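A short reminder: the numbers here are calculations on the coordinates, not readings from a lab. These figures come from a predicted structure and were not determined experimentally. Here the Cβ positions follow ideal geometry from the backbone for every residue, glycine too, while neighbour counts run over all protein chains shown.
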Amino acid sequence: MEAMDILIFGAHPDDAEIGMGATIFKHTQAGRKVAVCDLTYAEMSSNGTVEIRQQEAKAASEILGLAVRSNLGLPDRGLFLEREAIERITLEIRKYRPRLVFAPYWQDRHPDHVMCSRLVEEAVFNAKLRNFRPDVEPVTVQQLYFYFINDVYEPQVATDVSEVYEAKRQALRAYASQFTQTGRDIVATPLNQGYLERVEARDYLLGQRFFIRYAEGFASKLPQRIELF
Ligand SMILES: [Zn+2]
């Protein structure tokens with residue numbers, strides 16, 4: 001398996017796009033290898049079926065130029081801090097050997113996003129331990145960043161995505177079953193009540209702080225590592 005520059009985990013297909021779709025596109029445009037791993041098939045979603053959502057995820061992945069999109073098939077609303085889930089995620093990190101890993105921010109109104117955040121943090125730690133699953137080569141991830149899904153907290157890092165924002169819009173629109181109210185038997189959820197406009201407004205407002213059009217924000221528990229001199 002070819003090594004990835006970036007590996008992004010989400011609880012559900014569409015999490016990565018909401019948080020950092022434009023940043024993903026910016027990286028793939030620059031020729032970097034980006035993979036997304038969804039922990040679940042979002043089978044508890046009120047709208048759309050697993051099959052439809054997988055088609056939507058495939059379309060969004062193509063728009064963003066992902067090298068790989070995988071799904072661990074863990075249970076939706078059944079993510080818990082337990083050894084098997086941590087091990088599966090650890091092995092995914094060791095498979096793709098990324099320099100950077102991204103996970104949902106550690107606070108969010110959806111408990112699965114919170115749990116995904118926690119599980120990935122544990123797995124990044126385990127990935128470097130040579131005595132954890134000694135049959136698989138360990139990987140030291142340079143930095144773990146957290147992206148925002150539903151709630152907004154103060155980011156420590158922001159990427160200028162002004163030039164590539166349209167790709168994020170298109171990738172999110174690919175998830176029509178989640179964000180639109182067209183079709184039969186649709187129930188109203190926070191996602192199809194102006195959600196995409198709110199995501200765009202969030203990214204627009206963050207851009208304002210740098211006098212640019214759009215920015216995506218990230219948090220880290222480690223200081224940002226840069227070369228000042
Ligand atoms: Zn989600």
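Structure values in brief
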{"item": "Residue satisfying all of: in the range 1-45; small (Gly, Ala, Ser), near the ligand (Cβ under 10 Å from one of its atoms) and in a loop (DSSP other than H, G, I, E, B); nearest to TYR195 (Cα to Cα) among these", "result": "SER45"}
{"item": "Residue among ALA158, ALA167 that alone is closer than 28 Å to ARG97 by Cα, part of a strand (DSSP E or B), touching a residue at least 24 places away in the same chain (Cβ under 8 Å) and more than 16 Å from the ligand (Cβ to nearest atom)", "result": "ALA158"}
{"item": "Considering residues of the range 159-184 that are within 18 Å of LEU7 (Cα to Cα) and not charged (D, E, K, R) only, the residue surrounded by the fewest Cβ atoms within 10 Å (Cβ to Cβ)", "result": "THR159"}
{"item": "Residue satisfying condition, being under 24 Å from VAL199 (Cβ atoms), in contact with a Pro (Cβ under 9 Å, 6 or more places away or on another chain), surrounded by fewer than 23 Cβ atoms within 10 Å (Cβ to Cβ) and of a type in the set (D, E, K, R), within set ARG109, ARG118", "result": "ARG109"}
{"item": "Flag for THR40 being in contact (Cβ under 8 Å) with a residue 12 or more places away in the chain, within 26 Å of ARG94 (Cβ to Cβ) and in contact with a helix residue (DSSP H, G or I) (Cβ under 8 Å, 6 or more places away or on another chain)", "result": "yes"}
